[in-house]
Amino acid sequence: MCPPFGRVCPVREQVGLRTLLDTVEQAMNPVHSRNIVLGVRHKTAMERLLKLLPKSGVETAYLIQGIEGTEDLPLHKNSSIRKVTP
């Protein structure tokens with residue numbers, strides 16, 4: 001969807017750390033979706049997205065953080081789900 005981000009993907013993989021680009025990539029919304037569901041790994045990413053998503057034109061977003069820093073939503077354990085609206 002975004003060729004410039006695709007070109008930096010090999011560099012991101014070599015660095016091996018999540019960067020600000022990971023958060024920006026999720027908040028970009030290149031297809032202008034009004035509603036989205038995003039998995040986040042860390043609370044800091046969730047906090048950033050809570051601020052960025054309303055500015056990206058999204059009407060409703062659900063941010064999901066599984067336990068122990070995963071994006072997976074287990075059925076047998078507690079998880080965090082945040083609803084984001086303008």
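The values are calculated or read from the model by the stated rules, or taken from the named source; none is laboratory data. Everything numeric here is computed off the predicted structure, so don't read it as measured data. Note: ideal-geometry Cβ built from the backbone for every residue, glycine included; neighbour counts use all protein chains shown. Areas reflect the complete protein model, heavy atoms only, side chains present, ligands, DNA and RNA absent. Shrake-Rupley method; radii C 1.70, N 1.55, O 1.52, S 1.80 Å.
Working ranking of peptides 3-14, 33-44 by packing, defined as the average number of other Cβ atoms within 10 Å per residue, highest first, is 33-44, 3-14.
Given a 1.4 angstrom probe, what's the average accessible area per residue across region 1-58, in square angstrom?
Here the per-residue accessible area is 70 Å².
Take every pair of alpha-carbon atoms less than 8 Å apart whose residues are at least six positions apart; their mean separation over the length of region 5-86 yields a relative contact order of 26 percent. Accessible area of the chain with a 1.4 Å probe: how many percent of it is carbon plus sulfur? Carbon plus sulfur share of accessible area: 55 percent. Give me the net charge of Gly6's neighbourhood, meaning all other residues with Cβ under 11 Å from the Cβ of Gly6; Lys, Arg count +1, Asp, Glu -1. Neighbourhood net charge equals +1. Remark: spin-label model distance Val8-Glu25 equals 1.0 nm, labels positioned 7 Å along the Cα→Cβ axis. Charged side chains reduced to their Cβ positions (Lys and Arg at +1, Asp and Glu at -1) give the chain a dipole of some 220 debye around its Cα centre.
Of all lysines in the structure, those lying under 30 Å Cα to Cα from Lys77, and not within fewer than 8 positions of it along the same chain, are Lys43, Lys51.
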